[in-house]
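A short worksheet on the structure shown next.
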Amino acid sequence: MPSRCSNPARISPTGRGDPQRIVVNARSAPGEHALGILAELSAQGKDVVVVRGDITEPATAERLVAAATATGLPLRGVVHAAAVVEDAALVNIEDALLDRNWGPKVLGGWHLHHASQGQPLDWFCCFSSGAALLGSAGQGAYAAANSWLDALTVWRRAQGLPGLSVAWGAWAEVGRGAFLGEDGDTTMITPQEGVYAFDQLLRHRRGYTGYLPTQGAPWVRALAERSPFAADFSAEEGKAVSQGAVLTALLDSAPGDQPGFLRTYLCSQVAVIMRVSAVDPGRAFTDYGLDSLGKLELRTRIVQDLGLRVPTKVLWAHDTAQALAAHLLERIVTELADPSGATA
């Protein structure tokens, strides 16, 4: 199901020595938690205004700017954090799904850009995603929308306008990413850490920054293995695993250990792809959310590491590390005995 950010856009005019007005926008009315935060801001002397409306409509951005400048104070900052996240494998992305991901990010950013023209902005910040920075299985449409926002920031800065795009990792407790921390396997950004990081980022002139937890994150090793400039992140003395090293290690291991070796290898690859800490060799890959796109990535890794061209249908037919390891080992033994077989 799509998930909508409860606080997609905030426009804040500020002036030294003047009362601050903060204008908050969302499609729906603020919930209990949001109302509590708004009340706290009001108690601190902030003038908080809530403007409901769809940020994909140009009139909404215009109403936000009008509300922000109604007191006569200049508009000094814009935060664009709208998001609809609806996942699908690449082959299943249709126009309607693309539009649902695209609208709030792209149209919202463009309308806020136009509506704030002529205002003396100190910052214009777009909340992007690590999905656009590093890639994320099943999130092609969402990543594309965030990449467009990143490009908007670059374009604004080329025009001499302020612009900052932050590629965030998943936040704990709030937003769609909150459910990722329920199993305790995903390293999350706490709201306190995120707010502090955002405050620091606004103090610098950098146009683009990725902010993602790295400690214990399985994607770090995957990045090191496929990216030469990031090889220092590798857990094995800073060296990326070379192509064929896995197959060599497999063949050098004792015959009785080879099935377990392959199971461990497959579990580790699925864990990296799905960003989980561990995968049970007897549990279906689909239970971890490995969809068509994820299986395509697993197939690519098998080709690179083991030299085996594996049809996608084989991955669907052998949906556990245990079953797939047995199949792959049989393939390896057969093709070693007959070098003329189809190997990569």
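The values are calculated or read from the model by the stated rules, or taken from the named source; none is laboratory data. Just so it is clear, the structure is predicted and the values come from calculations on it, not from any experiment. Heads up, the Cβs are rebuilt from the backbone with ideal geometry, glycines too, and the neighbour counts pull from every protein chain shown. Areas reflect the complete protein model, heavy atoms only, side chains present, ligands, DNA and RNA absent. Shrake-Rupley method; radii C 1.70, N 1.55, O 1.52, S 1.80 Å.
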Pairs needed: first member in the stretch 43-59, within 27 Å of Leu107 (Cα to Cα); second member anywhere, basic (Lys, Arg) and modelled with pLDDT under 90; C-beta distance under 9 Å; at least 6 residues apart or different chains. Val48/Arg21; Val49/Arg21; Arg52/Arg27; Gly53/Arg27; Asp54/Arg27; Ile55/Arg27
Any pair with Cβ under 6 angstrom, 6 or more apart, that starts in the stretch 256-269 at a residue that is under 21 Å from Gln304 (Cβ atoms) and ends at one that is polar (S, T, N, Q): Phe261/Ser253; Arg263/Gln322
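Each row is one residue, and each column tells you yes or no for (1) open to solvent by 60 Å² or more (accessible area, probe 1.4 Å); (2) at pLDDT 65 or above; (3) closer than 18 Å to Leu133 by Cβ; (4) acidic (Asp, Glu).
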residue	(1), (2), (3), (4)
Met188	no, yes, yes, no
Pro191	no, yes, no, no
Tyr196	yes, yes, no, no
Arg205	yes, yes, no, no
Thr209	no, yes, yes, no
Ala217	no, no, yes, no
Ser227	no, no, yes, no
Examine the stretch 56-78 for a residue that is at pLDDT 80 or above, touching a Cys at 6+ places or on another chain (Cβ under 8 Å) and on the phi < 0 side of the Ramachandran plot, and state whether such a residue exists. yes
Of all residues being assigned to a strand (DSSP E or B) and within 29 Å of the chain's Cα centre (by Cα) in the stretch 17-75, which is surrounded by the most Cβ atoms within 10 Å (Cβ to Cβ)? Just the residue, please. Asn25
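Residue-wise test of (1) touching a residue at least 40 places away in the same chain (Cβ under 8 Å); (2) of a type outside the set (A, V, I, L, M, F, W, C); (3) in contact with a strand residue (DSSP E or B) (Cβ under 6 Å, 6 or more places away or on another chain); (4) more than 21 Å from Gly210 (Cα to Cα).
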position	(1), (2), (3), (4)
Pro74	yes, yes, no, yes
Val78	yes, no, yes, no
Ile93	yes, no, no, yes
Pro120	yes, yes, no, yes
Trp123	yes, no, yes, no
Leu134	yes, no, no, no
Leu149	yes, no, yes, no
Exactly one condition in (1) surrounded by 18 or more Cβ atoms within 10 Å (Cβ to Cβ); (2) modelled with pLDDT under 90; (3) aliphatic (A, V, I, L, M) is false for Ala321; which is it? (2)
Can we say Gly140 is open to solvent by 20 Å² or more (accessible area, probe 1.4 Å), over 20 Å from Ala26 (Cα atoms) and either without any contact (Cβ under 8 Å) to a residue 40 or more places away in the chain or of a type in the set (Asp, Glu) (or both)? no
Limited to the stretch 280-317, what total is found for residues that are crowded, with 20+ Cβ neighbours inside 10 Å, closer than 15 Å to Ser136 by Cα and aliphatic (A, V, I, L, M)? 3
